[in-house]
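Before any comments, here is the structure.
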Amino acid sequence: MRVDKWLWVARFFKTRSKAKEAVLGGKVHVNGERTKAARDVQIGDKLEISRGFDKEVIVITGLSERRGNGAAAQALYEETEESLNRRLEEAANRRMARAGLATPKLKPSKSARRALRELKQKPA
């Protein structure tokens with residue numbers, strides 16, 4: 001089955017032409033390689049799909065010639081655990097940024113700590 005048709009059947013894109021555009025635009029990789037829309041996919045292939053802010057890594061678990069409802073489409077693939085965790089974490093960071101909260105940073109360096117201490121100790 002063609003990769004663009006599978007993406008449409010699995011409901012990653014609303015139309016087959018949008019799926020084809022994404023594949024040709026480099027937004028879809030099959031087994032780590034950039035691909036063409038006509039490439040055949042099989043059960044067990046690993047797809048990396050970039051849509052907006054999200055990058056999903058999925059494994060194909062089924063093929064279907066017909067586009068069905070959402071439940072049938074979700075049965076055609078399985079998202080990897082690390083991909084799911086990364087997407088949820090990035091979504092949480094975007095929500096925090098929209099709310100005006102800073103995302104958690106790493107521990108400051110020794111010189112940065114000294115600069116902060118000096119700044120706090122200066123009289124106002």
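The values are calculated or read from the model by the stated rules, or taken from the named source; none is laboratory data. Just so we're clear, the structure is a prediction, and the values are computed from it rather than from any experiment. Here Cβ is always computed from backbone atoms with ideal geometry, including for glycine, and neighbour counts include all displayed protein chains. Remember, those area values only see protein heavy atoms, side chains included, never the ligands or the DNA or RNA. Shrake-Rupley method; radii C 1.70, N 1.55, O 1.52, S 1.80 Å.
Taking a straight Cα-Cα cut-off under 28 Å and skipping sequence neighbours fewer than 8 places away in the same chain, the lysines within cross-link reach of residue 110 are 120, 122.
Kindly give the semi-axes, whole Å and largest first, of the ellipsoid equivalent to segment 55-98, taking each as the square root of 5 times a Cα gyration tensor eigenvalue. Mind showing how you got there, number by number?
Values: eigenvalues 152, 30, 8 Å².
They are 28, 12, 6 Å, listed largest first.
Ranking 23, 108, 42 by Cα position along the charge dipole of the chain, where only Lys, Arg, Asp and Glu carry charges on their C-beta atoms, puts 108 farthest toward the positive end.
Which percent of the Cα-Cα distances in segment 1-44 go past 13 Å? If you can, show how the numbers build up before the last one.
Numbers: 427 of 946 pairs.
Roughly 45 percent, rounded to a whole number.
Here segment 63-80 and segment 38-56 have alpha carbon centers that stand 13 Å from each other.
The portion of the accessible surface of the chain made up by carbon and sulfur, rounded to a whole percent, is 51 (1.4 Å probe; DNA, RNA and ligands excluded). Considering only Cα atoms, the convex hull volume of the chain works out to 157 Å³ per residue.
At a probe radius of 1.4 angstrom, the accessible area of the chain per residue rounds to 71 square angstrom. Ignoring lysines fewer than eight residues from residue 5 along the same chain, the ones with Cα atoms less than 29 angstrom from its Cα are 14, 18, 20, 27, 36, 46, 55.
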